[in-house]
1. So if I check each of Ala47, Ala35, which one is over 30 Å from Asp164 (Cβ atoms) and touching a Gly at 6+ places or on another chain (Cβ under 9 Å)?
2. Determine whether Pro136 is in the same structural domain as Ser229 (by TED's automatic domain parsing), touching a residue at least 60 places away in the same chain (Cβ under 8 Å) and not aromatic (Phe, Trp, Tyr).
3. Do we find a residue being in contact (Cβ under 8 Å) with a residue 12 or more places away in the chain, surrounded by fewer than 18 Cβ atoms within 10 Å (Cβ to Cβ) and away from the ligand (no atom under 16 Å from the Cβ) anywhere in the range 65-75?
4. Got at least one residue in the range 198-211 being within 15 Å of the ligand (Cβ to nearest atom) and closer than 23 Å to Asp68 by Cα?
5. Could you tell me which residue of the range 80-97 is nearest to the ligand (Cβ to nearest atom), considering only residues that are touching a residue at least 40 places away in the same chain (Cβ under 8 Å) and surrounded by 12 or more Cβ atoms within 10 Å (Cβ to Cβ)?
6. May I ask you to say which residue of Ile256, Ile311 is more than 16 Å from the ligand (Cβ to nearest atom) and at pLDDT 95 or above?
Amino acid sequence: MNKEYLISLEQKYGSPLYVYDAEKIISQYKRLENAFSGVNNLKINYATKALSNISILKLIKSLNGNLDCVSIQEVQLGLEAGFTPDQLCFTPSGVSMTELDHAVSLGAKITLDSLSVLEEFGSKYPNIPVSIRINPHIMAGGNKKISVGHVSSKFGISKEHMPDVLEIIKQTGTRIDGVHMHTGSDILDIDVFVRGAEVLFEIARNFNDLDFIDFGGGFKVAYKEEDPSTDIEEFGKIMSDRFNEFCKDYGKDLAIEFEPGKLLVSECGYFLAKVNVVKPNTNTIFAGIDSGLNHLLRPMYYDAYHHIDNISNPLGNEKKYTVVGYICETDTFAKHRPIAEIRQGDVLSFKNAGAYCFSMASNYNSRCRPAEVMVYKNKDYLIRERETFDDLLKHQIEVNLDL
Ligand code: LLP
């Protein structure tokens, strides 16, 4: 998105601000769809958690996507956005039976990820088919926190526990309608996905009446210009052939499902923040912005790289800045990063601010969360108002203790 336009949005809506380019989401969605044009039944279940604004969900709906939901609230958001219950795939981990009951009452499709829950759920709802999330014992992902398919991960039913699964479904009469996995996020290598797929194919052969296989999300996108990203087109070719071959062997045309988050929404997002202070210290020039880890946690939590442009002074001489937030603990967005000269009042733009940015924001330090704007065909739409002080107070109850 061009810098002048971003500046005009900051002037119109204030700072800090999240801006999403709807056309980028559409093109990424179509890219994945085209890559799998060789299969009969592709389902794209957008990982709601990446960016859950209802207008973004509606956009996914108009592209004919489904939603992958990990909380009952994400299921409810999906219904609000107009999805039908069968378009909502509820794939939680470690939730209570009460939450599963709720999902059943709303009609969402359910994926279970532990043996005990499979048993309890199956005894309670023998007529509701479910899918199971498999832990394929594969270590993959951009960092440890987001690697979730390895043997020590809390997620999924170990691929080695199939005899137990079979015993449980024999007892309860549950039909397994799908098998599922999600190995991690930020995975570059096609090989990792294919290896995971082979594990799932093996598992799938245990069940004779599946409707789908869900291979999760996790595709890597570029955060730096020179970063490699998952070759979706190549993956589509290899995986479609292998999937079609499996279906032929299995004797049924199954749906192939994916749950991309970052692939669809990471690159659509820009986070705009204003520089409050430029502070040269002994060996570092700090640029302090009107935001912090409360609004964009990824750099602090994962050491994630987000490219930063000074859109107020793009032609300024580059200097090395350490960009920091206003939170009362260390919240560094970038260390000694070459950026066009920064002056007080300049607006910085952070790239890749679509996935896991607003959705991981908080009110830490009693700060309000930013507004969100969606842009489509050069028109901007406010899709979330900036929070106000009243929002911070909204659910608090004042108690005056009589001391
Ligand atoms: N499916 C399941 C079951 C998931 O748990 C996730 C992400 C996805 C799909 C989508 O993964 P993606 O395509 O976006 O990589 N907050 C971290 C990422 C955590 C991902 C959690 N699960 C980050 O900002 O890097």
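1. Details: Ala47 fails: over 30 Å from Asp164 (Cβ atoms).
Just one listed residue meets the conditions, Ala35.
2. Numbers: in the same structural domain as Ser229 (by TED's automatic domain parsing): yes; touching a residue at least 60 places away in the same chain (Cβ under 8 Å): yes; not aromatic (Phe, Trp, Tyr): yes.
So Pro136 passes the test.
3. Looking for residues that are in contact (Cβ under 8 Å) with a residue 12 or more places away in the chain, surrounded by fewer than 18 Cβ atoms within 10 Å (Cβ to Cβ) and away from the ligand (no atom under 16 Å from the Cβ), one finds none in the range 65-75, hence no.
4. Initial filter on the range 198-211 (within 15 Å of the ligand (Cβ to nearest atom)): 200.
From what's left, closer than 23 Å to Asp68 by Cα: 200.
Among the residues of the range 198-211, at least one is within 15 Å of the ligand (Cβ to nearest atom) and closer than 23 Å to Asp68 by Cα, which makes the answer yes.
5. First, pick out the residues of the range 80-97 that are touching a residue at least 40 places away in the same chain (Cβ under 8 Å): 89, 91, 93-94.
Narrowing the set further to residues that are surrounded by 12 or more Cβ atoms within 10 Å (Cβ to Cβ) leaves 89, 91, 93.
On the way: Cys89: 9, Thr91: 5, Ser93: 8 Å.
Residue satisfying both the conditions and the ranking: Thr91.
6. Details: Ile256 fails: more than 16 Å from the ligand (Cβ to nearest atom).
When all the criteria are applied, what remains is Ile311.
Residue-by-condition table, conditions (1) in contact with a strand residue (DSSP E or B) (Cβ under 9 Å, 6 or more places away or on another chain); (2) surrounded by fewer than 23 Cβ atoms within 10 Å (Cβ to Cβ):
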{"site": "Phe212", "(1), (2)": "yes, yes"}
{"site": "Ala222", "(1), (2)": "no, yes"}
{"site": "Pro228", "(1), (2)": "no, yes"}
{"site": "Ile238", "(1), (2)": "no, yes"}
{"site": "Lys252", "(1), (2)": "no, yes"}
{"site": "Lys262", "(1), (2)": "yes, no"}
{"site": "Tyr270", "(1), (2)": "yes, no"}
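Residue-by-condition table, conditions (1) in contact with a Gly (Cβ under 7 Å, 6 or more places away or on another chain); (2) closer than 30 Å to Glu225 by Cα; (3) free of Cβ contacts under 8 Å to residues at least 40 places away in the same chain:
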residue: Lys351; (1), (2), (3): no, yes, no
residue: Cys357; (1), (2), (3): yes, yes, no
residue: Lys377; (1), (2), (3): no, yes, no
residue: Lys394; (1), (2), (3): no, no, yes
residue: Glu398; (1), (2), (3): no, no, yes
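The values are calculated or read from the model by the stated rules, or taken from the named source; none is laboratory data. These numbers were taken from a predicted model, which means no experiment stands behind them. Neighbour counts are summed over all protein chains in view; Cβ atoms, including those assigned to glycine, are modelled from backbone coordinates with ideal geometry.
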